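Asker: Provided herewith is a single structure, encoded as structure tokens, for subsequent inquiry.
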Amino acid sequence: MLFALAATQRPSSVPAPWKATSPLRPSLDSPQALSLREVEALVEKVGVALHAYGCSSPRLEATLSELTARLGAEGHFFSTPTAIFAAIGSGEERKTLLLRTEPGEVNLDKLSRLNRVLDRLFAGELAVNTAARRVDRILAAPSRYSTRAMIVSFALTSACAAHFFGGSLLDFLLAGLLGLGIGLLTLTLGWVGKRLPTAPRMFETASGLFTAAAAFALAQLGLELQVPTVLLASLIVLVPGFTVTVAMHELAMRHLVSGSARLAGAILVFLTMGFGVALGSGLGQSVPASSLLAMDASSTLLTSSLATLFGGWAWAADGLALAGAAVGFTVLFGAAPKDGPWILGAATLALLGSRGGAAALGPELGAAAGALAVGLAGNAFARTLGRPSTVLQIPGLMLLVPGSVGFRGVSSLLEQDALAGVQGAFTMILLAAALVAGLLMANVLLPPRRSL
């Protein structure tokens with residue numbers, strides 16, 4: 001799942017020293033000591049870092065514009081999922097850069113560290129060269145979590161998703177096992193990718209094939225599982241519902257190129273994953289029907305909901321699933337362990353907001369209410385602690401994104417049920433638009449002080 005940054009391209013030129021009035025503290029960076037090339041180098045490093053850590057185009061462009069303005073330069077930026085265009089300087093000294101990149105993955109810890117570097121730079125506590133070196137160290141730093149922790153987080157997130165999708169205790173356990181298998185598949189394809197670079201491109205298709213074949217085969221052998229629930233829960237980490245939501249937000253912010261490209265990429269992931277599921281379901285259903293794994297009367301607990309373990313207290317089961325999902329999100333999004341309680345709070349707020357809003361206003365407006373609650377919490381977190389609002393907003397939105405609806409729609413299209421497929425796709429877009437509306441409303445009611 002990890003994407004490598006492609007080679008950076010930039011025109012070779014040696015600009016003359018650039019003199020301007022810099023708002024940074026003179027004791028650290030005097031205007032005479034700062035050249036346009038130094039500004040250009042720092043902006044390039046920060047732009048590549050933001051892109052690598054999954055920053056959306058509006059946030060990335062706003063952050064780079066603020067950075068160049070603080071350095072006393074004129075900057076214009078255009079970001080897409082695969083490239084960043086930058087024009088820095090004015091008049092004859094203006095330099096244009098093309099930074100070729102690949103879509104990055106969210107890393108909340110590195111994003112927070114980068115935000116801290118920018119804060120200290122803007123406060124005059126860091127020199128430009130020192131800030132550039134620290135950005136280099138952040139980019140070169142290894143992942144906070146081990147491969148084993150990442151694999152376990154796949155299993156934990158899938159198992160908890162099965163509960164929220166209404167699955168039984170058996171579905172909860174099987175989704176966790178299949179999620180563990182997807183984590184191992186990630187490791188395997190990463191190893192193969194060192195010898196065959198195109199292998200990771202087959203990850204979504206291979207994951208869909210593996211989970212569908214296993215789920216349908218277990219059902220054929222007599223296990224009383226809810227195949228659609230287990231299948232969707234095990235694949236939930238890969239379903240690009242969050243990507244669809246980000247794309248809709250970029251379109252709403254008039255970033256038409258980036259939003260359209262990101263939405264097209266999400267649709268392609270849906271299609272490739274759906275193709276794998278269709279192929280895997282055919283393989284699984286080819287297993288001869290048998291009662292080999294049929295459960296007797298003593299196993300009825302496994303076919304009951306998770307809440308039965310708590311005497312029917314649904315809130316206790318929800319709390320356990322939320323805690324597990326928060327741990328999984330903390331690892332999957334590379335957040336610092338100290339942010340785990342914040343992520344749990346954001347997930348709880350999203351769940352309560354969406355359920356309360358759905359009960360009062362309907363599912364679409366309920367999603368908007370959940371996004372509004374998460375957006376307000378994220379902005380308050382950023383304004384109070386000086387941390388990126390995305391530390392709360394991204395994990396919170398993961399419980400609201402319409403990826404499951406889109407996946408069901410693609411599955412219906414592959415089963416030649418055009419009406420259900422189109423309805424699922426329309427519902428996915430409608431829910432994503434509701435989430436974007438909630439986030440935009442949160443930014444109006446409680447504006448963030450910084451772009452991140």
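The values are calculated or read from the model by the stated rules, or taken from the named source; none is laboratory data. Just so it is clear, the model here is predicted, and its values are computed rather than measured. Note that each Cβ is placed from the backbone with ideal geometry, even for glycine, and that neighbours are counted across all protein chains shown. The protein model used for the area step is the full one, side chains on, heavy atoms only, and it has no ligands, DNA or RNA in it. Shrake-Rupley method; radii C 1.70, N 1.55, O 1.52, S 1.80 Å.
Asker: Using packing as a proxy for protection, rank 426-434, 338-346, 236-244 so that the peptide with the highest average count of other Cβ atoms within 10 Å comes first.
Answerer: Details: 426-434: 21.2, 338-346: 19.0, 236-244: 23.2.
So the peptides 426-434, 338-346, 236-244, ranked by packing, come out 236-244, 426-434, 338-346.
Asker: Taking just the C-alpha trace of segment 345-390, give me its Rg and Dmax in Å.
Answerer: Using the Cα atoms of segment 345-390, the pair Rg, Dmax is 11.3, 35 Å.
Asker: Turning to a different aspect of this structure: Using the Cβ atoms and a cut-off under 13 Å, what net charge is assigned to the surroundings of A161, where Lys and Arg are +1 and Asp and Glu are -1?
Answerer: Computed value for this residue: -2.
Asker: Leaving out ligands, DNA and RNA, what percent of the accessible area of the chain is carbon and sulfur, probe 1.4 Å?
Answerer: Roughly 65 percent of what the probe reaches on the chain is carbon or sulfur.
Asker: Sticking with this one: Express in whole angstrom the spacing between the alpha-carbon centres of segment 190-224 and segment 146-187.
Answerer: Between the Cα centre of segment 190-224 and that of segment 146-187, the gap is 14 Å.
Asker: Taking a probe of 1.4 Å, how large is the accessible area per residue of segment 38-128, in Å²?
Answerer: Averaged over the residues of segment 38-128, the accessible area is 32 Å².
Asker: Could you work out [θ]222 nm for the chain from helices alone, using -39500 (n - 2.57) per DSSP H run of at least four and dividing by all its residues? Round to the nearest 500 deg cm²/dmol.
Answerer: Calculated mean residue ellipticity at 222 nm is -21000 deg cm²/dmol.
Asker: With label points built 7 Å along Cα→Cβ from the Cα atoms of L221 and A87, find their separation and express it in nm.
Answerer: Distance between the two pseudo-spin positions: 6.3 nm.
Asker: Can you tell me, using C-alpha contacts under 8 Å and at least 6 residues apart, the relative contact order of segment 157-252 as a whole percent?
Answerer: Relative contact order, segment 157-252: 39 percent.
Asker: Next question, about the same structure. What ranking do 47-55, 246-254, 357-365 get when scored by the average of other Cβ atoms within 10 Å per residue, highest first?
Answerer: Descending mean neighbour count gives 47-55, 246-254, 357-365.
Asker: With a bin width of 10 angstrom, please list the P(r) values of the chain as percents of all Cα-Cα pairs, from the 0 bin to the one holding the largest distance.
Answerer: Once binned at 10 Å, the Cα pair distances of the chain give 4, 19, 29, 25, 13, 6, 2, 1, 0.
Asker: Which value, in Å² and to the nearest 10, is the accessible area of V422 when all protein chains are kept and the probe is 1.4 Å?
Answerer: Accessible area, nearest 10 Å²: 90 Å².
Asker: For segment 434-452 and segment 309-376, what is the separation of their C-alpha centers, rounded to whole Å?
Answerer: What the calculation gives is 19 Å, centre to centre.
Asker: Under a 5 Å amide H to amide H cut-off, with H placed in plane at 1.01 Å, what residues pair with T80 once short-range neighbours are removed?
Answerer: HN-HN under 5 Å from T80: F85.
Asker: Can you tell me which of 279-289, 376-386 comes out highest on packing, and rank the rest after it, using the mean Cβ neighbours within 10 Å?
Answerer: In decreasing order of mean packing, 279-289, 376-386 become 376-386, 279-289.
Asker: Please turn the phi angles of segment 239-252 into ³J(HN,Hα) values with the Karplus equation 6.51 cos²θ - 1.76 cosθ + 1.60 (θ = phi - 60°), one per residue in order, whole Hz, x for glycine and proline.
Answerer: 5, x, x, 5, 4, 4, 5, 4, 4, 5, 5, 5, 5, 5
Asker: Between R94 and L271, what length in nm is gained on full extension when 0.36 nm per residue of separation is reduced by their alpha carbon distance?
Answerer: Gain on stretching R94 to L271: 59.4 nm.
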